[in-house]
Amino acid sequence: MTAKNAFYAQSGGVTAVINASAAGVIEAARAHPDKIANVYAGRNGIIGALTEDLVDTSKESAEDIAALKHTPSGGFGSCRFKLKSLEDNKREYERLIEV
């Protein structure tokens with residue numbers, strides 16, 4: 001089976017906890033390269049996916065990713081954008097899958 005890419009987005013209030021969870025996702029993905037080829041983070045949350053403004057986390061060193069755990073604010077930005085229901089806006093959901 002070919003490894004797939006993963007997408008990570010932050011939403012809501014930005015705290016060091018959000019960065020720690022981002023680091024955990026990226027480190028876990030890197031520990032399983034047979035399953036996850038790369039993690040792309042949406043700049044400013046899900047808006048980054050909708051506009052293809054993505055951060056290629058493979059370009060960041062293991063040290064930089066680990067440092068996220070102790071970094072205040074949101075390393076990839078955040079948003080409070082709320083997707084409408086699938087029935088009300090199917091195109092947004094399709095766009096997320098495309099990206």
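The values are calculated or read from the model by the stated rules, or taken from the named source; none is laboratory data. The shown structure was predicted, so the numbers you read here are calculated from the model rather than taken from an experiment. Don't worry about glycine lacking a Cβ; one is built from the backbone with ideal geometry, like all the others, and counts go over all protein chains shown.
Just a few scattered comments:
- Here Asp34 meets each of (1) surrounded by fewer than 17 Cβ atoms within 10 Å (Cβ to Cβ); (2) in a helix (DSSP H, G or I) with one exception, condition (2).
- Residue count for region 45-95, restricted to those that are part of a helix (DSSP H, G or I) and not acidic (Asp, Glu): 19.
- Going through (1) in contact (Cβ under 8 Å) with a residue 40 or more places away in the chain; (2) over 23 Å from Lys4 (Cβ atoms); (3) not in a helix (DSSP H, G or I) one by one, Ile18 falls short only on (3).
- Taken over region 53-71, the criterion of being surrounded by 11 or more Cβ atoms within 10 Å (Cβ to Cβ) and within 16 Å of the chain's Cα centre (by Cα) is satisfied by Asp53, Leu54, Val55, Asp56, Thr57, Ser58, Glu60, Asp64, Ile65, Ala66, Leu68, Lys69.
- Among (1) of a type in the set (S, T, N, Q); (2) surrounded by 14 or more Cβ atoms within 10 Å (Cβ to Cβ); (3) over 19 Å from Ala23 (Cα atoms), the one test that Asn89 misses: (2)
- In region 3-10 there is no residue that is in a loop (DSSP other than H, G, I, E, B), under 12 Å from Gly75 (Cβ atoms) and free of Cβ contacts under 8 Å to residues at least 40 places away in the same chain.
- Filter pass, Gly74 being touching a strand residue (DSSP E or B) at 6+ places or on another chain (Cβ under 8 Å) and surrounded by 13 or more Cβ atoms within 10 Å (Cβ to Cβ): no
- Leading residue by the ranking (modelled with the lowest pLDDT) among those in region 72-96 that are more than 14 Å from the chain's Cα centre (by Cα) and within 23 Å of Ala29 (Cα to Cα): Ser73
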